[in-house]
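Okay, structure first, notes after.
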Amino acid sequence: MEILFYVFSFIAIFSALMVVTMRNPLTSALYLILCFFAIAGFYIILNMQFLAVMQILVYAGAIMVLVVLVIMLLNLSDIKSFKSNLHQVFIGILISVIMFAEIFFYISKGIQKKPVGIFTHALIKKIGNTQIIGEFLFTKYIFPFEIASILLFVAIIGAYLFAKKKF
Amino acid sequence: MYNLSSMYSMGLLEKGILSIIPEIVIVIFAFIVLFLTFFEKLSKSKNPYYLSIIGIGFSIVYVLMLSGRTISGFYGEIGFNRFDVFFFIVILLSGLFTVLMSKDVMENFEMPLPEYYSLILFGILAMMILIASNSLIMVFLSIEFLSITAYILTGYLKGNRRSTEAALKYFVLGSFASAFLVFGAVFIYAATGHLNLYNIHHFLSLISHGDMIRYGGIKTYLAIGLILFLVGLAFKMSLFPFHAWTPDAYEGASTPITSFMATGVKVAAFAIFLRVYFLIYSSNIMNFNDILWIIAILSMTFGNIAALLSPNIKRLMAYSSIAQAGYILIGIIGGGYYGYSGTLFYLLAYIFMTAGAFAIVIIFENLDLISLDIKRYSGIGYKYPFVAASMSIFLLSLAGIPMTSGFMGKFYVLSSAVKSGYNFLVVIALLNSAFAAFYYIRIISNMYMPSKKSADIELSNKNGSFGIIGGKVSGELMFTVIVCLIFTILMGVYPQVFINFANNSVNSLWRI
């Protein structure tokens, strides 16, 4: 299992470097997705399925759609010129391989590591990660949760103010 | 067995709400002001301005009503004690001055109305939560909150290139600082296994008495985490190696916001640093004073040299605020009861003199002088006697001349450092403050003794009713100036009341 950690970290660092060095913006966006998937692999190794799913859903899903959309809006003409690229096919294959690996390791239950505290391994298996996180969010961490909601609201106001044409 | 709802019952929540009443008041008023945008007529009126003043006033009232209590709310995430009371009042005063100063600027520069005031209120809220926060999660969240409001307010002058540029710079650098902060928090959590600052404190005092062999690796992790955490906080305090955003952001933002950043943000960052320093840094992990010592000297020296060379008054104030942060840090390095209360006293003095100086910058800015250039200040002393005289007092106070609050603050802070044996540091600080006096007094001499050459530059607004104030300057600004002036002199002449206040609030740090 320790090898997996190194494999995932190698992929993550490699793809993060490629994001910066690639000239085609679409390719670097794809590399960014690869990076997110590799990071989701860490969460699987750490037995945190909920975080892994959130990582893929939110980052690789929602945020990347936004990034790709922005790229499309910025230079539509440039992208046509290097449309099909072996690079991109390669990344796509790599991403799906990692995805399958993650699902496989999740189903085969990851490493048997003992969590400390009141939540023993058996308990987590019984009720699931997601429920524990949800219950903690609304009991112990209710105040940070509420503050985070106000923070996001203020951030939306800021985005609106900067995007507004005139007052 | 596992049952969270019995572990965290509703009864505890009620107590928690009591501990955040001042914050709740600010949130409610921030939302009311924001919702005025729905109604065009209301939002164009002066209602947002008055509502935000009322909100801040109510919050101060609640802080005073609750003062003396020690409440720990929301399962230790947030607390309320005398230490918080002191800083709440400082922050609320800083916010009040900002709102009072804003009215003129809003009218003269035609900025959009209601969101501005509600963003200031949200900024105050973020600072109050930051000061009251007791856990690493809350520290990170509230610093992010504070930063986001500060970015928005910095870039608020739309169409002004400097403002947008400043906001972008601040945003990019600030994101880096936040990354450092959260990375440091992760290391601290990994080393100790606690998020609550008091739990970490207890854990550290436990292992420093107990067997260190078992916890051998903790120290390394903790030291790395604390250094990274210090980077994140030092950015907000604008200490030397992390100061790069300060001059640009201060210059680009509209002047009330500059004042808000110079007083509010800095005080809040110092408050949380003081608490974290007392609880975690001061237990013997490594000697952090050696790092802080160098940072303090570099901030003072760099700030003063750069201020000397800058011709723009807002940039000058920005550099001087870096230098002031260095002086304030000396109080924390000096440490102990005396040093901490000195730091608190200095921070209180600092907001009055800085807010006052910025209020006067706004007055001159409004008089169509557009005089951010110091050379344009020549000869002002005879045309606006009262304003120029109070500007001189604020500048003398910043320089640390006796009979002003700045002197008492410096005296207090430096004597605590002498007590702890940092003689070399004190000598350098004294040399620095003598050096700093030069560029403060240069402005004063410029105002009262205009050189022949610059006397040609006449005021464009000649026909205005020159008395104490002229042009479009309103009573609110003068009120701010007068309040700041009274407190600056009062804290210099009769500081005992304020020293007692600071002492009382520092007491509660020890009573965990």
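Screening B:Asp290 with (1) without any contact (Cβ under 8 Å) to a residue 12 or more places away in the chain; (2) within 19 Å of B:Leu141 (Cβ to Cβ) gives one miss only, at (2). Within segment B:189-210, one or more residues are surrounded by fewer than 21 Cβ atoms within 10 Å (Cβ to Cβ), within 28 Å of A:Ala155 (Cβ to Cβ), touching a helix residue (DSSP H, G or I) at 6+ places or on another chain (Cβ under 9 Å) and aromatic (Phe, Trp, Tyr). Restricting segment B:14-41 to residues that are modelled with pLDDT under 85, surrounded by fewer than 16 Cβ atoms within 10 Å (Cβ to Cβ) and touching a helix residue (DSSP H, G or I) at 6+ places or on another chain (Cβ under 9 Å) leaves a set whose member that is nearest to the other protein chains (Cβ to nearest Cβ) is B:Ile17. Scanning segment B:362-375 for residues being part of a helix (DSSP H, G or I) and either surrounded by fewer than 18 Cβ atoms within 10 Å (Cβ to Cβ) or at pLDDT 75 or above (or both) gives a total of 6. If you go through segment B:144-172 and keep only what is within 19 Å of B:Phe242 (Cβ to Cβ), within 9 Å of another protein chain (Cβ to nearest Cβ) and β-branched (Val, Ile, Thr), you end up with just B:Ile148. For segment B:421-460, the candidate set comprises residues that are in a loop (DSSP other than H, G, I, E, B) and among the charged types (D, E, K, R); within that set, the residue that is modelled with the highest pLDDT is B:Lys452.
Of everything in segment A:140-159, what is closer than 15 Å to B:Ala167 by Cβ and either more than 7 Å from chain B (Cβ to nearest Cβ) or not in a helix (DSSP H, G or I) (or both)? Give them in sequence order. Break it down into steps so the answer makes sense when it comes.
Kept after step one, since they are closer than 15 Å to B:Ala167 by Cβ, are these residues of segment A:140-159: A:154-155, A:157-159.
Within segment A:140-159, just A:Ala159 meets the criteria.
Restricting attention to segment B:224-243, the residues that are touching a Lys or Arg at 6+ places or on another chain (Cβ under 8 Å) and either closer than 20 Å to B:Ile313 by Cβ or among the charged types (D, E, K, R) (or both) total 2. Give the residue, chosen from A:His87, A:His121, that is modelled with pLDDT under 70 and surrounded by 11 or more Cβ atoms within 10 Å (Cβ to Cβ). None of the other options fit; the residue is A:His121.
Scanning segment A:147-160 for residues that are modelled with pLDDT of 90 or more, surrounded by fewer than 16 Cβ atoms within 10 Å (Cβ to Cβ) and not hydroxyl-bearing (Ser, Thr, Tyr) returns A:Leu152, A:Phe153, A:Ile156.
B:Ser205 - would you say it is within 30 Å of B:Glu115 (Cβ to Cβ) and touching a residue at least 12 places away in the same chain (Cβ under 8 Å)? Criteria not met by B:Ser205. For segment B:461-473, does any single residue satisfy the condition of being surrounded by 14 or more Cβ atoms within 10 Å (Cβ to Cβ), touching a helix residue (DSSP H, G or I) at 6+ places or on another chain (Cβ under 9 Å) and modelled with pLDDT of 80 or more? Within segment B:461-473, none of the residues are surrounded by 14 or more Cβ atoms within 10 Å (Cβ to Cβ), touching a helix residue (DSSP H, G or I) at 6+ places or on another chain (Cβ under 9 Å) and modelled with pLDDT of 80 or more.
Checked against the criterion of being within 14 Å of another protein chain (Cβ to nearest Cβ), at pLDDT 80 or above and in a helix (DSSP H, G or I), the candidates A:Leu94, A:Leu137 yield just one match: A:Leu137. Considered as a group, the residues in segment B:101-139 that are surrounded by fewer than 22 Cβ atoms within 10 Å (Cβ to Cβ) and more than 9 Å from every other protein chain (Cβ to nearest Cβ) include one that is modelled with the highest pLDDT, and that residue is B:Lys103. The set of residues in segment B:389-410 that are crowded, with 20+ Cβ neighbours inside 10 Å and farther than 16 Å from B:Phe438 by Cα comprises B:Ser390, B:Thr404, B:Ser405, B:Met408, B:Gly409, B:Lys410. When B:Ile328 is tested against (1) surrounded by fewer than 24 Cβ atoms within 10 Å (Cβ to Cβ); (2) within 21 Å of B:Pro247 (Cβ to Cβ); (3) β-branched (Val, Ile, Thr), just one condition goes unmet, and that condition is (1). Cβ-Cβ contacts under 7 Å between residues 6 or more apart (or on different chains), taken from a first residue in segment B:113-127 that is acidic (Asp, Glu) to a second residue that is part of a helix (DSSP H, G or I), are listed as B:Glu115/A:Ile157; B:Glu115/A:Leu161; B:Glu115/B:Leu34; B:Glu115/B:Thr37.
The values are calculated or read from the model by the stated rules, or taken from the named source; none is laboratory data. On a predicted model such as this, the values are computed, not experimentally measured, just so you know. All Cβ positions, glycine included, derive from the backbone under ideal geometry; neighbour counts span all protein chains shown.
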